[in-house]
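K.L.:
Take this structure, written in structure tokens, and hold onto it; I'll ask about it next.
The values are calculated or read from the model by the stated rules, or taken from the named source; none is laboratory data. Keep in mind it's a predicted model, so treat the numbers as computed, not measured. Cβ sites come from the backbone with ideal geometry, for glycine too, and all protein chains shown count toward neighbours. To get the accessible areas, we keep the full protein, side chains included, count just its heavy atoms, and leave off ligands, DNA and RNA. Shrake-Rupley method; radii C 1.70, N 1.55, O 1.52, S 1.80 Å.
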Amino acid sequence: MGGPRRMSSALLLHFALLSLPPAGAFNATAYREEVESSLRLVHAVATGATGALCVTHRYGRLRAPLHAARWDAARARVDLAANLLHQLGLENADVLTAVSQSLVMGASSSERAVGARAVALQPDGTVQGAIAWERYGAGEPIAVPSPQMDKPPDPEYPWYVSAYQTEELRSSKFMPSPPGAAMGGWWTYPYYSCEAERWLLSYTAPVSKVRGLSGVVSLDIDISNLEINQCEAKIDDENYNQIYSFHGTHKCPNDTTYCTYKPNREMSTRHAGWARGSYICRCRPGYYSLHHPEGFNGTLVEVAFQEYEEGGLENWSEPYECLKCQPGCDTCRGPEICLATYNWPFRISLLVISVSCAGLTVCLTIYTRHHRRVKVFRVASPVFLSITLLGCAIMYMEMAAIFPVLDRYSCIATKWTRHMGFCITYTALLMKTWRVSLTYRVKSAHKLKLTDKQLLQWMAPILLIMLVYLCTWTLSSPPDAEVITDNLGLKFKQCTYNWWDHSLAIGEILFLLWGVRVCYRVRHAESLYNEARLISIAIYNIFTVNSLMIAFHLLILPRAGPDIKYLLGFIRTQLSTSTTVLLVFLPKVMRVVRGTGDTWDSRARARGVPASSSLNGIGLVPDDPPDLYQENEELKEEVQKLAAQIEFMKIVQMEMHNRHLRPRPGGYFSQPAPHSPAHANATAQVRRPGRVFGFRSQNYLLTY
């Protein structure tokens, strides 16, 4: 019984030819038509519209293959039964009964069949003997009418094909066998039994001719618990209970909707899984439906498609199309906008003002270079004034960088214009103020001189550090635009802020704090044209403006719209940059326009500020031709100091250690008592050497 089953070559040839795939099996159009026909049959059975089917036929066959590997145990029993009948013979009715009954007896519900039969055929194809069994539920199998004796089996039987009555190379009743499968028979396509009122799948194995008789052994599997999922199959889905042939046969418009399987597993519904349209057509992300926000019923979509195929409905998919959301909406439930709107006329007006300010700054740079020999510009160092204006022009161009809808390149331009312009402008101003601080705090008689070249050498490393930082930032982690929402939930793009921004902001704050400290130390310093105080005010102003704008962005208006943020950037630029330009350059330009640019500041001169004092702390720039007036003033001051010292030393040397002169009692060179009024007067006069050249002795009349 365990040896290989031997079959007649003629019978093997017949069944081998019957199992070959049809010539048009790979025709996609024909295959889809067969699947659609199967779906219509499923819908008719599910809705109870089986009158036309069950009146004229007893079975309704599908042309939808499925995976039958889950019933390999039942298949193996059929192959074994066919082998037993080949060895025991087909003449004995008891043998047919025992073998066929054993097929419906199983150890578990998955292995038990709901029907089985064994048929012995004579050489002419008529029935020699037959026995059939059916099982309902968990009860014992019962015998049912089998094919009539001395007649060929009914060709309508799904599990039987007569090799003598078919002209096809392969019967359409059997599914193609899996490649490499070692099966002795063939699985039928799924079919509906009108008598049993359930969906079945049969496995048929031939019994090779023995002693003039051949036979067929068949087993029926109830597949009514399977499900029809017309959506696309997913790898992670547990779709072992689904018929794969129906995957992807939904009628959802793929452009705007997607299919979601909605199984019908109600216990009161018979064959719940065998239903056409068990899915929902949901709108894809970026699309919406006002009247069907939860999706379209797949059953209605299937009916509309069927009417379209029958020629009674045009544009059948239009009612089931979803509408596209507004630009920028990932998801939506209506036509509401998702992107914040840009008030372009308003933004253009602010941009024009900023670009005009940048142009005026460039013009002011040319004006400064043209009048660099005028005293009001010369004493303020034209080189540093030009550098300051260059930085201001760069800061103005930040408004052009943040004008369009932001992307990576505009964000890079924003960071560069903002931080590089800030560094150039306020480094130049603070270098000038720092020079004033060093000059003002010197306590020796030697005058401290710091030239522009020396200050530029101090300024270059600061600019180089900023340049290296920005280049490293741009190359390693370039700033990009991220999508954020405003107070109304509308989306717009803003440049990202990360530790690169935070580190640079901390550095700029520390730099400004140092600048505030320097300005505070020179608050009492007198300078020509009051420039030190004006620069200090500009430094205080930028520190205050930046602090207030940080508070506005983070605390007061954290979710402002794009136009409000653009307005805040414009206000920050005007309050910081424009104020700096006005404070530093407007007084100079006004003096040049009034014709007093070459006149020394009379108020500074009245306060005792010498001509050698200026904002730079060095007087004239060494590279320029000397100013004779200023040199004369400096020489006059030095001569007056030297004359006073000589006068004092002459008097002291004349009266002291002179044995020919006797000081009068109470005189300047007498030795009064320590507590006498004369001693106090003499001490007070000696302690005022600055006025000693006007001293006249009470004892002697000094002539020069």
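K.L.:
Tell me which residues, restricted to the stretch 135-155, are in contact with a strand residue (DSSP E or B) (Cβ under 6 Å, 6 or more places away or on another chain) and crowded, with 19+ Cβ neighbours inside 10 Å.
P.N.:
Result: PRO141, PRO147.
K.L.:
Still on this structure, I have one more. Among helices (runs of 4 or more DSSP H) lying entirely in the stretch 486-597, which contain 1 or more residues that are touching a helix residue (DSSP H, G or I) at 6+ places or on another chain (Cβ under 8 Å) and small (Gly, Ala, Ser)?
P.N.:
It comes to 499-521, 531-551, 562-573.
K.L.:
Next up: Could you please find all residues in the stretch 307-329 being part of a loop (DSSP other than H, G, I, E, B), surrounded by 15 or more Cβ atoms within 10 Å (Cβ to Cβ) and touching a helix residue (DSSP H, G or I) at 6+ places or on another chain (Cβ under 9 Å)?
P.N.:
TRP316, SER317
K.L.:
For the structure I just gave you, tell me whether SER386 is in contact with a helix residue (DSSP H, G or I) (Cβ under 8 Å, 6 or more places away or on another chain), in contact (Cβ under 8 Å) with a residue 60 or more places away in the chain and surrounded by fewer than 22 Cβ atoms within 10 Å (Cβ to Cβ).
P.N.:
Answer is no for this residue.
K.L.:
A follow-up question, please. Quick check: anything in the stretch 192-211 open to solvent by less than 20 Å² (accessible area, probe 1.4 Å), hydroxyl-bearing (Ser, Thr, Tyr) and not in a strand (DSSP E or B)?
P.N.:
Within the stretch 192-211, not a single residue is open to solvent by less than 20 Å² (accessible area, probe 1.4 Å), hydroxyl-bearing (Ser, Thr, Tyr) and not in a strand (DSSP E or B).
K.L.:
Next question. Quick test for you: out of LEU490, LEU510, LEU504, pick the one residue that is free of Cβ contacts under 8 Å to residues at least 40 places away in the same chain and more than 18 Å from LYS432 (Cβ to Cβ).
P.N.:
Testing whether each residue is free of Cβ contacts under 8 Å to residues at least 40 places away in the same chain and more than 18 Å from LYS432 (Cβ to Cβ) leaves just LEU510.
K.L.:
Quick check on the stretch 488-496. Is at least one of its residues open to solvent by 50 Å² or more (accessible area, probe 1.4 Å) and over 30 Å from VAL383 (Cα atoms)?
P.N.:
Yes.
K.L.:
I'd like to verify a number: residues in the stretch 547-581 that are of a type in the set (Val, Ile, Thr) and buried (at least 18 other Cβ atoms within 10 Å of the Cβ), how many?
P.N.:
Residues meeting the conditions: 4.
K.L.:
Ok, one more. Could you list, in sequence order, the residues of the stretch 14-46 that are at pLDDT 85 or above and either on the phi > 0 side of the Ramachandran plot or hydroxyl-bearing (Ser, Thr, Tyr) (or both)?
P.N.:
SER37, SER38
K.L.:
Still on this structure: Can you list residue pairs whose Cβ atoms sit under 6 Å apart, with the first residue in the stretch 344-355 being small (Gly, Ala, Ser) and the second being open to solvent by less than 70 Å² (accessible area, probe 1.4 Å) and assigned to a helix (DSSP H, G or I)? Count only pairs 6 or more apart in sequence or on different chains.
P.N.:
Sorted first by the residue in the stretch 344-355, then by its partner, the pairs are SER354/TYR396; SER354/MET399.
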